[in-house]
Amino acid sequence: MSAAASVQSPRLEPLPVETALSEKSLGLYSVERLSPDARRVAYTVCDPRRVAAEPDPRYQAHSRTGVTRFGVGCDVWVADTATADARNLTDGKGSSWAPHWSPDGRTLAFYSDRDGAARLWSWSAASGELRRVSDAIVRPWGASAMAWTPDGRSLVLPVVPEGMTLEQMANLGQPAAKDKSPGGGPTVTVFAFHPGAPKDETAAAAWSVELLRCDLAVIDAATGSVRRIASNEKIGGSWISPDGARVAYTIHRGFESAQSQQQLYELRVVPIGGGPPRALAARIPQQFGIGVSWSPDGKTLAYLTEKGDCFLVPAAGGDPRAATQKPHPPFLEDDSTVPYFSPRGDALFFLAANAVWRVGRADGSAAELAKVAGRQMRVLVPGRSPGSLVAATRDDETKNEGLVEVDLESGRVTRLREAPANLGRDPAFRLSAAPGGIVFAEQDAGRAEDLWFLAPGASEPRRLTRTNPDFDGYAMGRARLVEWLSADGVPCKGALLLPAGYAEGTRYPLVVFVYNGSRLSNGIHSFGMRAGWGTDDNFQLLATRGYAVLLPDAPSDRRDQMRDLPRTVLPGVNRVVDLGIADPERLGVMGHSNGGYSTLALVTLTTRFKAAVMRAGLGNFVSFYGELGRDGTHYGLGVAESAFGMGNPWDSRARYIENSPVFFLDRVQTPLLIVHGSNDDAVAVHLAEEVFVDLRRLGKEVVLARYEGEGHSLESFANQLDYVNRMLAWFGDHLKQPTEKP
């Protein structure tokens, strides 16, 4: 398939629900990778129609065949960067994801369950042959994929622990029924806590991290032989030393406290040929355990902390030391950031305060190296040469996004690209550079995400993929940035999606998507202005049916988060009304997760909305605090105390009550549709059921759609289809819009 395929003339009619939900996406955490010669790019395309409902919660993180949830329904593709000709290497047989080129670019390794279980496969660029490399069942999660050794002979990757089956892996972290027997014996599950008893790491956790458990293996690319160098550990990430002789890796070591969501990791190093590991650093506070890198000489490891610092530790052992004692803004640490060494190893580079900072190793100096005026610097990735880094940027005013390259010696910034477009929620997983060019993903409010290639010296990029040609046939709503002041005088922006075929002077029904504490205006150039990963919140579904959609900024310091909402959101609604776009008598509101909470909070504080949809939300922080997971974990407690800083209900009783909408449901006059998954392990389904029962008792109009077997988001195509049609009908009925046929 070529990106130069013919484009249909767009027509002004509702985007069919099934077409929107069938949107194919570039694989999450499967980085698009340029071959070393930049002639090809390997990438993953995921088809949501191939994702079936999984009622068993044990198989929601990994499928029954061992595919990570981010790889289900995916194929591995390769595109030619010169011609844009693209080829599906795996042709829909099973699920395939996470492609990685060998150092010489002749072989592409990837994961696939095409033969019934997730294993390591390879594709030969010369012969086109697909080959299963090893019998070992792989166990990757998130960005922890694989790495080739520098000589191209082997790969290091996570596999199922020796002696364990996929079913045994699925049972990890799950409560076991006691004395369960076919004869009708008890099926009790017992959780207990005794003060002074040895700490139970799992029971004291905000959530289970058993999905990280694996062996770290070295697999020979030619023979498929497996050598396990770390056994049955909860591994976050791994890194091969520059000489290929050692592997550093992190192990999850629990949480900072029972009330905290701060994860802790231990850093180890082990000979790649096998032998005892050496512990280098303990209790490292990181989000995902991947902020680690080797120095070019292989003598030192650097690691970031979520506190915003960087430490250096000798690979042979010794005490970690801070890379700098000089004042500096917090160094960014997230799910894609690592410290970067200069080619000579004499300096380190970080992203901090929207700038690239340099830390000298000899003197610990810390100074800003490069920034772009008026632009946020979002991520850093290796550049086209060892002495450069590429950064993704965002214009503070327009929200336009772009790419720059930073020379690490001079700090010189070269602008490569800027457009009214979005580079992805985390561009680090969408960027790949080689001496022959840069590949990146781009989308805008009316155009789905595709890959583009920027050759050296080119002024404009070349489009490589046309992943969703069906969308070309529909006229989409256009994006517009609106601005206002909150009731407290705080400048706010909002991403406004105009109805398709918008006519100046005509007022339209307006649906507001809210999320407390967020800056949703940053997503103005994402396709359908959706705020999440899923296809079921593509707001072009509303825009092509005659609705305007507003995603407002809703900043909050969390002290009075419930009442912050009307102070920030309603002035934004007023602004869209004052512009003559929104009909003040036809206003709706919706949100997911914290946005579901925000939706419920708003309808207890204002009667302006004529319809509301609460997805995966909650109304009672007291109940949320006491939420108990199936495995004994307590996600809600950590969110309330750590993320929201609310303290506990005994010391902050009034704060919990005043920020819980259930205590104010008697004020609700807005019809509410509640949508929730029965297996939601973030916001338990009883929190939605509580709102439904209370509103029904109060005689309010309310509907609860509980999706059996679904988690915090709807995964199956059938359930997404049902939800979107239900949501469209709900707003159509209450905002006086004719309900479109699906």
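Restricting attention to the range 318-333, which residues are open to solvent by less than 30 Å² (accessible area, probe 1.4 Å), closer than 20 Å to residue 266 by Cβ and part of a loop (DSSP other than H, G, I, E, B)? Within the range 318-333, 323, 333 meet the criteria.
Filtering the range 125-156 to residues that are modelled with pLDDT of 95 or more and either within 16 Å of residue 95 (Cβ to Cβ) or in contact with a Cys (Cβ under 9 Å, 6 or more places away or on another chain) (or both) leaves 130, 132, 137, 138, 139.
Can you confirm whether residue 631 is among the charged types (D, E, K, R) and modelled with pLDDT of 95 or more?
No, not satisfied.
One line per residue, one yes/no per condition, for (1) over 23 Å from residue 527 (Cβ atoms); (2) in a strand (DSSP E or B); (3) β-branched (Val, Ile, Thr); (4) open to solvent by less than 30 Å² (accessible area, probe 1.4 Å):
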position: 43; (1), (2), (3), (4): no, yes, no, yes
position: 52; (1), (2), (3), (4): yes, no, no, no
position: 97; (1), (2), (3), (4): no, yes, no, yes
position: 108; (1), (2), (3), (4): yes, yes, no, yes
position: 111; (1), (2), (3), (4): yes, yes, no, yes
position: 114; (1), (2), (3), (4): yes, no, no, no
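For the range 577-606, how many residues meet the condition of being part of a helix (DSSP H, G or I) and surrounded by 24 or more Cβ atoms within 10 Å (Cβ to Cβ)?
Residues that pass the stated criteria total 9.
Matching residues to (1) of a type in the set (D, E, K, R); (2) surrounded by fewer than 24 Cβ atoms within 10 Å (Cβ to Cβ); (3) in contact with a His (Cβ under 8 Å, 6 or more places away or on another chain):
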site: 517; (1), (2), (3): no, yes, no
site: 523; (1), (2), (3): no, yes, no
site: 543; (1), (2), (3): no, no, no
site: 546; (1), (2), (3): no, yes, no
site: 556; (1), (2), (3): no, yes, no
site: 559; (1), (2), (3): yes, yes, no
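Can we say residue 617 is touching a Lys or Arg at 6+ places or on another chain (Cβ under 7 Å) and in contact (Cβ under 8 Å) with a residue 40 or more places away in the chain? No. If you go through the range 607-625 and pick out every residue that is open to solvent by less than 20 Å² (accessible area, probe 1.4 Å) and in contact with a strand residue (DSSP E or B) (Cβ under 9 Å, 6 or more places away or on another chain), you end up with 8.
Only residues that are hydrophobic (A, V, I, L, M, F, W, C) and open to solvent by 10 Å² or more (accessible area, probe 1.4 Å) were counted across the range 282-309, and they come to 4.
The values are calculated or read from the model by the stated rules, or taken from the named source; none is laboratory data. Owing to the predicted nature of the structure, the values given are computational and were not obtained by experimental measurement. Counting neighbours? That spans all protein chains shown, and the Cβs are built from the backbone with ideal geometry, glycine included. Ligands, DNA and RNA are excluded from the accessible area calculation, which covers all protein heavy atoms including side chains. Shrake-Rupley method; radii C 1.70, N 1.55, O 1.52, S 1.80 Å.
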